[in-house]
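Only one structure is covered here, and it is reproduced in the block below.
Nothing in this text is a laboratory measurement; each read-out follows from the coordinates by a stated rule. No experiment lies behind these values; they were computed from the predicted model shown. Using ideal geometry, Cβ is built from the backbone for each residue, glycine included, and neighbour counts are taken over all protein chains shown.
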Amino acid sequence: METDEINEISDEAYDVVVVGAGHAGCEAALAAARMGCRTLLITMNLDSVALMPCNPSMGGPAKGHLIREIDALGGEIGRCTDRTFIQIRMLNTGKGPSVQALRAQCDKHAYRLTMKWALEAQPNLVLRQGTVNGLITDPQPGPDGRPHVRGVISGTRRFLARAVVLTTGTFINGRLITGDKTTPGGRAGEPPSLGLSEDLQRVGVRVQRLKTGTPPRIDARTIDFSRTQVQPGSPLPLRFSFDPAPPDVTLPPGPPAAIYPLPPEAVTAWRPQLPCYLVHTNERTHEIIRANLHRSPLYTGVIKGVGPRYCPSIEDKVVRFADKPDHQIFLEPEGWRTGEVYVQGMNTSLPEDVQLAMLRSIPALERAEIMRVGYAVEYDFVPPDQVVRTLETKQIAGLFLAGQINGTSGYEEAAAQGIIAGINAGCRVQGREPFILRRDEAYIGVLIDDLTTQTITEPYRLHTSRAEHRLLLRQDSADLRLTERAYALGLVGDERMEAVERKRHLAAQALDALERTIFTPAATIQAHAAELGMAAIPQKMTATELLRRPEATYAQVAALAERVGQPLPPIADAATVEEVECRVKFAGYIERQERAVARAAKLESLPLPIDLDYASVAGLRTQARLQLAKIRPLTLGQAGRVEGVTPADVSALLIWLQRHARQPRESARS
Amino acid sequence: MTLSTDDTIVAIATPPGQGGVGIVRLSGPHAWEIGRRLFARRSTSAMRPQRLYYGTVIDPADGAALDDGLIVGMRAPHSYTGDDVIEINAHGSPLVLRRIVAAALAQGARAAEPGEMTLRAFLNGRIDLAQAEAVADLIAANSDAAARQALGQLEGKLSERVRTARDAVLRALAPIEASIDFPEDEVPPPDRAALSSLIASAETVTAELLAGAEQGRISREGIRCVITGRPNVGKSSLLNSLLRVERAIVTPIAGTTRDTIEESAIIGGMAFHLIDTAGITATEDPIERIGIERTRHALSHADLALLVLDRSAPLTEADHQIAQELRDLGFSTARKLIVVLNKSDLAPFPAFGRDGETLRRDVSVGLRAHLTERPPLSSFAGEELAQSVPVIATSVVTGEGLPELETAMVTAALGNAATESAALVARARHVEALRGASAALAAAQKTLRDHLPLDLVAEDLRDAVYALGLITGESVTDDLLGAIFSEFCIGK
């Protein structure tokens, strides 16, 4: 009797429980709460909310696109970055607009606190410290043949929920390795989460191991900055968020730490920024590494997990690219007022004495002192062929996985999955349709479609080259692509929606006006063109045709139109200008990609049952049969992307679908 | 991933053989346009859907009349496939129907893959269960073990060539993509001239393969296979059987004389030029002698000969004579020979035995038993025959042995380097993929010349890699990332 009462008290009921408050967990919890779900976010250490255990950098190609898309869906990562960056730059400015991307260097601690405050300020969201060591599931399968998740266990307490999102990062059976020292841990200084992996396996979820690593951090006061190359932040104002309101900067008070030299060319008027500093390894560094390879756990076999190709350790780089005389090393301040400097490019799990020796072989770092040692981490992940595109597990109804647990790497990849898992947990609780983004709609769609159809053999990082339709997925068009859908779910307010509508309307107006404005080769017009620095107009042409010239800008064309009395709509916003210029200049490419999307749409829209018995499908080849049974794609389009599936196999599936539609479930069950 | 559904395809819609009326069906966005060009009629009023019009079917290339016929058009989605459709009703002769198909191909249509019309009907939701079964059967037929093995070898050789082109494009693409995705790493800026020459090398390969794939060239340069044998062993019915199982229609070439009939067919993915000949007999008749000369001429230009024997009857003097002729022309040594024991549905002549496993030995023995008095042929029919010449029992009545014969024909053709490259890309799917790649490569060169940003060049090159991957079965992303990470030291 008494014990029952205690249970009554300690059981708390929520709509959605999110486990882990990293970048995935924060977005998942915020999205669910913003949709109106009563949400619990439970994490092992409230001082590590939204921690950046690796590089305190956000964005870059594809990753910056993800941040823009998460922001367009009402997520927090973009705003939080804008409030806390110590440097921001636009990358790929010499290339086309579809691959330009923002990259920011954040104040690691300001970021964490700013995100924690956003969580605390969110109605419907409860933030709790605690370690989850078990799942509560129904003993009996539900109507869809799967057991349903009912909550999580934390010590002696139970948190009941209608949907659970696991975002446990590298914490499940995590192991930290430096040289010959191995300690259990999820991150430096924090214990691993044990027990959850066994519990997942108990309910039929497969786990495998992956590896990643991080470089040493050194003390800024021991760096000879005079022997580095300064990399300043952008001289022009830049930010991630589409939010019409400018960010309220939440860096620690006061000026940046005086230990970082700020040459005049690195001073930016629009907002104070810190530079990063570039140095290079040399032959002596490489000799030290080669002489100590036998002490590297990567080469001694201590580390069994597979590491990422795009983020190799320094020992890997030296071995694999033996004839390269030097490698770049970026020294990145970890914050506004800290002397800790991240040594980017020096990712290693060699012993501490070797780490110090190789650092000191670099001229600027001759007196360097390590503040934190670099290490590799090995952890369990759940091969993501076990989740569907909502990120719900195939085995357990209502259980969602997001972030590194799905085998990805990167804060942005984690946050993207977090917001999708959180939205879908909310949709499930509220009885709404699943929220799925297609590959042609968003990099988030590319990411999740890849995870659910490809075999993960290294931590998955998104690259722009993974997207088929890069031109349709520009960072500046994320709001046009996604905000309307977020608005329908209550994830963004009226102000954001109105801004998107204004942008869309203005772009449409401008495109229309360009088409209707005609320039003739008349002498007066030629004179105006020459004055504006434009090439001659050889024959009668529309403003669209004029803008299509590689060097022409909307501003120029508008100025010319103004002078000849046919003014174009004035556009102040750079993103809208870019939208118009891209639509005109790359019209051929965009139309081609849109055609390809339309062609594939038919297949994409045909659903395949999750429990399809591939053995019963006539005409499938054995290899396709095995792969499809493993991956279990949800649409015919996805099936076509599964490795080893040919067009003939897709045809065979089409026929099966047709038959199935005609002989519904009765015969399948009997 | 799958066959495209936005181009126009053409096929003979009626069952093969001599029917009263045959139908050629065009399906796709340009069906009406092509159909109208193929049809000359007196009234110039606009054609309306669901109405029959009478007129003359012509080859628009030279205006030659092919046949009188009826034309009917249907507009999407009210048609069999759900596309815009044109059906041309002509007289049922296979030759006439193939000529109409050839004319449609020349006007820009693409030969339909087996079951492709039905597939479109599926995609457009216009199909019933019976038709669904029919498509399943077609796909199953495509994947039956013997045909698949032969096709596998062929596609392996094609893939090798395509892969060299694909590798060149990937090598061009890797530095562009690396510089896009890793702008802060030390990736040397791609050199436009080097890119252009890599693209050009890929263009050379696709152009060669496409030249080999041109329908006309397959007809002219496909594997020349002479069907020979004395009268009444079933040569013509064998020819018809081989045509009945053809996988796609290619341009027919009319026989130059009444004595040799030439037909083209795709067997196991390869183009065959099948030539039915008059028998070679000792004769003084001047007309027959002309026929024999022509047969000899056909044989002397053939890559492969089928020697058809009647398994239900003893070998004759004529069989012997033809065999000798074949031996003298170098078949079974320099050129390939297949012995076909036809009429296996009838009781076999005792000397040939009954058992399939001993058939090879039996035929050698049988030939020997009848021809021992003639030493040259006995050596041909003895050891040599047993070693290198396939002997296949067939029945055109029951269909027995025909799949084995097709496999043997493809295997024989594969051993012949001269015919291989012309026959490599006969499948419509491959031609389509190569055309896509070739267009994308040309676009990439233009984008380079126009000095547009390199990421746009990358878009073209990715289209090319994708199209070529449809043939080799490889995906863009994995190979591209592999190329990037193996070539550049990227490490953040």
Residues whose built amide H sits under 5 Å from the amide H of A:Met371, excluding neighbours closer than 5 in sequence, are A:Arg217, A:Ile218, A:Asp219
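Using 0.36 nm times the number of residues separating A:Gln208 and A:Ile610, minus their current alpha carbon distance, what extension gain do you get? Write out the running numbers ahead of the final one.
On the way: separation 402, 0.36 × 402 = 144.72 nm, distance 2.28 nm.
Length gained between A:Gln208 and A:Ile610: 142.4 nm.
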Looking only at lysines whose Cα falls under 21 Å of A:Lys317's and that sit 8 or more positions away or on another chain, we get A:Lys211, A:Lys304, B:Lys492
What does the structure give for A:453-466 when I average, per residue, the other chain Cβ atoms found within 10 Å of the residue Cβ? 3
Summing -39500 (n - 2.57) over every DSSP H run of at least 4 in chain A, dividing by its residue total and rounding to the nearest 500, the 222 nm mean residue ellipticity is -11000 deg cm²/dmol
Taking the Cα-to-Cβ direction at A:Val230 and at A:Arg320 and moving 7 Å from each Cα, how far apart do the two end points lie in nm? 3.5 nm
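Can you give me the relative contact order of chain A as a percent, contacts being Cα pairs under 8 Å and 6 or more apart? Present the calculation step by step, with values, prior to reporting the outcome.
Numbers: 1406 pairs, mean separation 107.9, N = 670.
Relative contact order, chain A: 16 percent.
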Separation of the A:Gln509 and A:Asp573 label points, Cα + 7 Å toward Cβ, nm: 1.2 nm
Please give the FRET efficiency for A:Glu12 paired with A:Leu293, using the beta carbon to beta carbon distance and R0 = 41 Å, rounded to the nearest 0.05. 0.20
Would you kindly derive the ³J(HN,Hα) couplings of region B:163-172 from the backbone phi angles with the Karplus curve 6.51 cos²θ - 1.76 cosθ + 1.60 (θ = phi - 60°), listing them in order in whole Hz, with x for Gly and Pro? 5, 5, 5, 5, 4, 4, 5, 4, 5, 6
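As an exercise, identify the trypsin sites (Lys or Arg not before Pro) in region A:515-566 lying in DSSP coil whose Cβ has no more than 15 other Cβ atoms within 10 Å. Please report the intermediate quantities before stating the final value.
Numbers: sites: A:Arg516, A:Lys540, A:Arg548, A:Arg563; in loops: A:Lys540, A:Arg548.
Sparse-neighbourhood loop trypsin sites (Lys or Arg not before Pro): A:Lys540.
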Note: probe point = Cα of A:Ala555 + 7 Å toward Cβ; backbone nitrogen < 18 Å; residues of region A:231-262 passing the test are A:235-239
Where in region A:359-390 is the amide nitrogen less than 14 Å from a point lying 7 Å along the Cα-to-Cβ axis of A:Arg284? A:359-368
Under the 0.36 nm per residue contour assumption, what length would be gained going from the current alpha-carbon distance of B:His451 and B:His91 to full extension? 124.0 nm
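Could you list B:Ser159, A:Ser193 in order of exposure, starting from the residue whose Cβ has the fewest other Cβ atoms within 10 Å? Numbers along the way, then the final one.
Working: B:Ser159 18, A:Ser193 23.
Ascending Cβ contact count within 10 Å gives the list B:Ser159, A:Ser193.
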Could you check the spin-label model distance between A:Asp248 and B:Thr164? Points 7 Å from the Cα along Cα→Cβ, value in nm. 6.8 nm
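Which of A:Asp243, A:Asp613 comes first, and how do the rest follow, when ranked by fewest Cβ neighbours within 10 Å? Write down the numbers at each step before the final one.
Numbers: A:Asp243 18, A:Asp613 10.
In order of increasing Cβ crowding within 10 Å: A:Asp613, A:Asp243.
Order by neighbour count: A:Lys394, A:Lys602, fewest other Cβ atoms within 10 Å first, most last.
Working: A:Lys394 18, A:Lys602 15.
Exposure proxy ranking, most exposed first: A:Lys602, A:Lys394.
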Estimated FRET transfer efficiency when R0 is 30 angstrom, pair A:Glu498-A:Leu160 (beta carbons, to 0.05): 0.15
Please give the length that would be gained between A:Arg563 and A:Ala618 if that part of the chain were fully extended, namely 0.36 nm times their separation in residues minus their C-alpha to C-alpha distance (nm, one decimal). 12.9 nm
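Evaluate E = 1/(1 + (r/R0)^6) for B:Thr316 and B:Val397, where r is the Cβ-Cβ distance and R0 equals 25 Å; express this FRET efficiency to the nearest 0.05.
0.70
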Please report, to two decimal places, log10 I(q)/I(0) for chain A at q = 0.05, 0.09 Å⁻¹ as given by the Debye formula with identical point scatterers on the Cα atoms and no solvent. -0.27, -0.85
